[in-house]
Amino acid sequence: MPGPEGSGPTLRREKGDLFMGEDERRIWLKSYDSGVPGNLHYPDECLPLLLQKNAETYPYNTAIEFFGAKLSYREFWAEILKFAAALTEIGVKRGDKVAIMLPNCPQCIIAYYAVLWLGAVVVLTNPMYVEREMEHQWNNAEVETLIVLDHLYPKVGSVLPRTDVKRIVVTSLREYFPFFLKWIYPIKAKKEKLFTNIPYGGNVFNFKKLIQGAPRTTPPCGVESLDDLALLQYTGGTTGVPKGVMLTHRNILANTVQLTNWFTELRPGQERMLSVLPFFHVFGMTVGMNFALYSGGAIIPVPRFDINTFLKTLEKAKPTLFPAVPTIFVAIVNRPDIDSYNLSSIRFCVTGSAPMPVEVLKKFEALTGCVIVEGFGLTESSPVTHVNPIQGARKAGSIGLSLPDTDCRIVDIALGVEDMPPGQEGELIVRGPQVMAGYWRMPKETDAALKDGWLYTGDIATMDEEGYVYIVDRKKDMVIAGGFNIYPREIDEVLYAHPKIMDAVSVGVPDEYRGETMKAYVVLKPGESLTEKEVIDFCKARLAAYKVPKAVEFRDSLPKTLVGKVLRKMLRAEEMEKRRSASEQ
């Protein structure tokens, strides 16, 4: 008989001893919601073992729902163990690096937990990587096994001879589709010229066939210590060469437990997570995958964001939790027919990775009746360090409060030593059980980022007297114009407040007189029109004169990463190239 949806162990909220004795300095603790402790007790088991317990507690509850096809927790866990056995059979050992290059789909989650179960190391690879990026990541991480989508095989195949990859497991989205989609999928693949003719044999294996032919003997859990390496999670490379962030089993477990305890109204075994954030990004991995499974919830993976398909999925699947980046919320609230969709099932949303425009937040909450909490994190912290409270004050523009057991300081920008008083700008530094072990094979960069247990984030921030933190900007994005420090994020917020502007960003560009000056890049809402002068005048009424953009460029879209971060560096490079070309004419 199926177990009751709400059955299972109560989430633990016991006090631990991490960083005890410093609570008097942690002013943010007084702003916590009722029921959120400052210190937590963490299980002594890794996430795969805890998932195994959930499979025993909620065997008949849905673990994954993919385009209507469902896997119960019992079925899901059986697939994980079979795939782990199959990986062992083809030569994967404890400590080996396994790259997973998949969109959001059941296979990605199964592979992730199977690799962790073996004590091997997951290397999540962005499916949109070009050859140069794949080659760098896999060689740097010493990857020997690759799990990849069939459509990507031609692109991958040209890179493999320049790597040490020994075996490839190929899968198709079709393998976990419901029957009717499995039937029409080959027609769609042929029409869109998607590559599916895989040369299986030798060192090329089929994902589903490996599971079907897996040995009956289940390999034991290979995690010997929570301090074992679990992931090499690569940074986006927007500030230089991508670095392999070493995240341990303790790191990813801690951040999952911290988030679970933050949401005091979470219903174990009952929540439904709509996961559109890519699992290969650390935000999607922790919030969209680990967080949901740790609490016994169902995951509804979305392989690609398409507003039409997405809204239909959202309405039909009735998720209760929905983490997303601001660009997705922007797309939803600006949809002309959005009022015709029933989105009332959503209880909570989490947003991060980029600043959330206040007006967009208000519109989405009014549309759905949900609560959106803005948070903050870095790849180096698994990733979440700060979140706004659910019941308490959510202050506009704030990333919220430090999570339990997460200490933070605002220190002077020059030396990073002196604590800044409330309201004064400085660099945000954090420490906690979710902070990385270091950068893979990069000791100098590790020493620069980790000092006496503190992670130096590179973000300029302030903290108010109640412990709420406000990100002013990236340390490297700061613009110095005529001797004044300008933080582009402040200008971005003003631009977003304009009723005709849908998307915007400001960038520092060279200026002969001031050294640098600000330029605004603007995307208008459909059917709207604005002039450069109107945008500048709008900013003049809301910003000090030295912060006002001196030029405005209207665009159809802005270049962004997959998680919604605008690539300021790319826009600046385009501007530099324009000026170089003009000077040569």
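The values are calculated or read from the model by the stated rules, or taken from the named source; none is laboratory data. This is a predicted model, so every value here is computed, not measured. Every residue, glycine among them, receives a Cβ derived from its backbone with ideal geometry; neighbour counts consider all protein chains shown. These accessible areas exclude ligands, DNA and RNA; they are computed on the full protein's heavy atoms, side chains included. Shrake-Rupley method; radii C 1.70, N 1.55, O 1.52, S 1.80 Å.
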Those residues that are among the hydroxyl-bearing types (Ser, Thr, Tyr) and open to solvent by 20 Å² or more (accessible area, probe 1.4 Å), I need them from segment 397-420; list them, please.
none
Could you check segment 160-206 and list, in sequence order, the residues that are open to solvent by 30 Å² or more (accessible area, probe 1.4 Å) and of a type in the set (Gly, Ala, Ser)?
GLY201, GLY202
Would you confirm whether any residue within segment 108-122 is open to solvent by 30 Å² or more (accessible area, probe 1.4 Å) and either touching a Gly at 6+ places or on another chain (Cβ under 6 Å) or of a type outside the set (A, V, I, L, M, F, W, C) (or both)?
no
Meets criteria (more than 30 Å from LEU314 (Cα to Cα), touching a residue at least 12 places away in the same chain (Cβ under 8 Å) and open to solvent by 40 Å² or more (accessible area, probe 1.4 Å)) for GLY423:
yes
State which residue is nearest to GLY284 (Cα to Cα) when the search covers only segment 555-574 and only residues that are of a type outside the set (Lys, Arg) and open to solvent by 80 Å² or more (accessible area, probe 1.4 Å).
LEU562
Output the residues belonging to segment 270-279 that are of a type outside the set (A, V, I, L, M) and either open to solvent by less than 10 Å² (accessible area, probe 1.4 Å) or within 15 Å of SER382 (Cβ to Cβ) (or both).
GLU271, SER275, PHE279
Of the numbered conditions (1) surrounded by fewer than 18 Cβ atoms within 10 Å (Cβ to Cβ); (2) touching an Asp or Glu at 6+ places or on another chain (Cβ under 6 Å), TYR439 fails exactly one; give the number of that condition.
(1)
Number of positions in segment 338-356 that are surrounded by fewer than 20 Cβ atoms within 10 Å (Cβ to Cβ) and under 21 Å from THR561 (Cα atoms):
1
Looking for something open to solvent by less than 10 Å² (accessible area, probe 1.4 Å) and of a type in the set (Ser, Thr, Tyr) - is there at least one such residue anywhere in segment 487-501?
no
Filter segment 324-361 down to the residues that are of a type in the set (S, T, N, Q) and within 21 Å of the chain's Cα centre (by Cα), then identify the one that is nearest to LEU274 (Cα to Cα).
THR351
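To keep it simple, each residue is scored yes or no on (1) in contact with a strand residue (DSSP E or B) (Cβ under 8 Å, 6 or more places away or on another chain); (2) free of Cβ contacts under 8 Å to residues at least 24 places away in the same chain; (3) within 30 Å of GLU553 (Cβ to Cβ).
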site	(1), (2), (3)
VAL430	yes, no, no
TRP440	yes, no, no
ALA448	yes, yes, no
ALA461	yes, no, yes
TYR468	yes, no, no
Given LEU18, LEU71, LEU11, which one is closer than 30 Å to GLU315 by Cβ, surrounded by 13 or more Cβ atoms within 10 Å (Cβ to Cβ) and at pLDDT below 95?
LEU11
Yes/no for GLU577 being loosely packed, with under 15 Cβ neighbours inside 10 Å and farther than 24 Å from ARG474 by Cβ
no
Among THR235, THR217, THR248, THR256, which is the only one that is open to solvent by 40 Å² or more (accessible area, probe 1.4 Å) and touching a residue at least 40 places away in the same chain (Cβ under 8 Å)?
THR217
Return the residue satisfying two criteria in turn: it lies in segment 285-323 and is under 17 Å from the mean Cα position of the chain (by Cα) and more than 30 Å from GLU56 (Cα to Cα), and of such residues it is most open to solvent (accessible area, probe 1.4 Å).
ARG304
Under 8 Å between Cβ atoms, which residue pairs at least 6 apart in sequence (or on different chains) link something in segment 181-197 that is closer than 20 Å to PHE67 by Cα and of a type in the set (Lys, Arg) with a partner that is open to solvent by 70 Å² or more (accessible area, probe 1.4 Å) and assigned to a helix (DSSP H, G or I)?
LYS182/ARG174
Just one of ARG132, ARG174 is of a type in the set (Lys, Arg), within 28 Å of ALA324 (Cα to Cα) and out of contact with any Cys (no Cβ under 8 Å at 6 or more places or on another chain); which is it?
ARG174
Quickly run through segment 135-153 and pick out the residues that are under 28 Å from PRO186 (Cβ atoms) and in contact with a Lys or Arg (Cβ under 8 Å, 6 or more places away or on another chain).
THR145, LEU146
Just give me the residues in segment 550-585 being within 19 Å of LYS525 (Cβ to Cβ), of a type outside the set (S, T, N, Q) and either out of contact with any helix residue (DSSP H, G or I) (no Cβ under 6 Å at 6 or more places or on another chain) or part of a loop (DSSP other than H, G, I, E, B) (or both), in sequence order.
GLU553, PHE554, ARG555, ASP556, LEU558, LYS560, GLY564, VAL566
Do the conditions hold for VAL115, that is, is it part of a helix (DSSP H, G or I), without any contact (Cβ under 8 Å) to a residue 60 or more places away in the chain, closer than 19 Å to ASN203 by Cα and not basic (Lys, Arg)?
yes
Out of everything in segment 324-337 that is open to solvent by 10 Å² or more (accessible area, probe 1.4 Å), of a type in the set (Val, Ile, Thr) and farther than 23 Å from TYR112 by Cβ, what residue ends up being modelled with the lowest pLDDT?
THR327
For segment 442-458 the number of residues that are over 20 Å from VAL123 (Cβ atoms), surrounded by fewer than 21 Cβ atoms within 10 Å (Cβ to Cβ) and of a type in the set (A, V, I, L, M, F, W, C) is 3
Inspect segment 475-495 for any residue being among the aliphatic types (A, V, I, L, M), in contact with a strand residue (DSSP E or B) (Cβ under 6 Å, 6 or more places away or on another chain) and modelled with pLDDT of 95 or more and give the result as yes or no.
no
